[in-house]
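A quick write-up on the structure given underneath.
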Amino acid sequence: MRRISNLSFSLIFLLSITLTASGADGTEEEHDSHSSVEGLMRGERLFYGLIDGKFESKACADCHNTVEIDTFNWNPNAWEIAHQYKERSLQEFTKSVLNPSSKTMSTMHQTFNLDVGDVELIKLFLDDFEEHGLSKRKPVINKIFLFILLGVVLTWVILDIFFLKRVKRRYILGIIFLVALAWQVKLLYDAGTSLGRQENYEPDQPIKFSHVVHAKDMQIDCQYCHTTVAHSKHAGIPDVNICWNCLSIVREGSHSGKHQINKVVDAWESGIPIQWIKVYNLQDHVFFSHAQHVTVGKVECLTCHGNIEEMDRVRQLGDLSMGWCINCHRDTEIQFFDNEFYTQYKELHKLMESGEIDRVTAELTGGTECSKCHY
């Protein structure tokens, strides 16, 4: 009997120790989880500059956006930083924040009053942010919603005319019906005519390349980078080798610091091409030759592309519609004389010499013929 009692006591004692240990582990795990959440929240508040005394002027989020934006920002966004340092050590990240090698970053970061613990919490927030990415901009009321709303109005008008008959003054319904229908037709027309067109298209490029810096400030000729524009259909996107001609020496930008140039360095060292996003896109059935316009027609780049020297981020100006091209061909006088290409137009030369015409446009040389631009 005493043996059974001792055995029972031993089992109860061991069970209590096990439960106590597991309870302690659970409490510790819960405490760690709670601490992690608190650290993540504090790191987020630090990044947005919501904790007093840590930033004298701008906080991290003032330069590194966490939401998709339309405006041009020289600085890398928060996701780019998070992705860059995701697999790198805390020491490297701390050094880049508290002791940056870039002059641009040093000027701004010297106003930070952060310690190593603060930087660790910011990295904790960025590691979490890297998984979610930039927040999407809030959607605005678009034309589809407006089209549906007009459809609802038209439906209500028709129901009231034939069934409900609540509006006594029937002409009011007629006016509403005509206005709503006309508006819907206009929306359909605009949508149809804009298919395949992307006027004002301004994509964010993988590297923040500025034509203001290169074409205006540095006075680099367009054809230095776009090497095939004079003898090919395409202007050509510069290879990283062309970038490297300068960036093998220049390693820090006056606006962007080292971050953007380091992307070019990575592309050069890895041999992986930079995935530039094409801005001007024509339909597949349209033929266009840069050589014909630049070499033969002596057309300046800004004629079609606008004042590119004033663009940090390239934006498509024209809609590239058929009317846009034809109007130019009808109105623009070409350099007809002292141009070997146009010696074949003997009839036009005779008309010019006789005074029957005083100028030659692209239209007179066949610039508005269907087969000239369409296969």
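Values quoted throughout were computed directly from the atomic coordinates according to the rules given, and no laboratory measurement underlies them. Predicted model, so just to flag it, every value in this text is computed and none were measured. Methodologically, a virtual Cβ is constructed for each residue, glycine included, from the backbone with ideal geometry; neighbour enumeration extends over all protein chains shown.
Observations
- Here residue 266 fulfils each of the conditions (1) more than 17 Å from residue 210 (Cα to Cα); (2) over 24 Å from the mean Cα position of the chain (by Cα) apart from (2).
- Criterion: in a helix (DSSP H, G or I), over 22 Å from residue 300 (Cα atoms), more than 35 Å from the chain's Cα centre (by Cα) and among the hydrophobic types (A, V, I, L, M, F, W, C) - qualifying residue of 159, 149, 188: 159
- Looking only at region 96-126, and only at residues there that are of a type in the set (Ser, Thr, Tyr) and not in a helix (DSSP H, G or I), the one that is farthest from residue 259 (Cα to Cα): 111
- Of the residues making up region 349-364, those that are of a type outside the set (Lys, Arg) and farther than 19 Å from residue 299 by Cβ are 349, 351, 352, 353, 354, 355, 356, 357, 358.
- Checking each residue in region 329-375 for being in contact with a strand residue (DSSP E or B) (Cβ under 8 Å, 6 or more places away or on another chain) and of a type in the set (S, T, N, Q) picks out 332, 361.
- Residue check, residue 194 in contact (Cβ under 8 Å) with a residue 24 or more places away in the chain and either in contact with a Gly (Cβ under 8 Å, 6 or more places away or on another chain) or closer than 25 Å to residue 312 by Cα (or both): no
- Residue identified as more than 25 Å from the chain's Cα centre (by Cα), loosely packed, with under 14 Cβ neighbours inside 10 Å and of a type outside the set (Lys, Arg) among 94, 71, 111: 111
- Every residue from region 324-375 that is outside any loop (DSSP other than H, G, I, E, B), within 36 Å of the chain's Cα centre (by Cα) and free of Cβ contacts under 8 Å to residues at least 60 places away in the same chain: 324, 325, 326, 327, 328, 329, 330, 331, 370, 371
- Selection of first residues in region 286-309 that are over 19 Å from residue 326 (Cβ atoms) and of second residues that are among the hydroxyl-bearing types (Ser, Thr, Tyr), restricted to Cβ pairs under 8 Å at least 6 apart or on distinct chains, gives the following pairs, ordered by first then second residue: 291/232.
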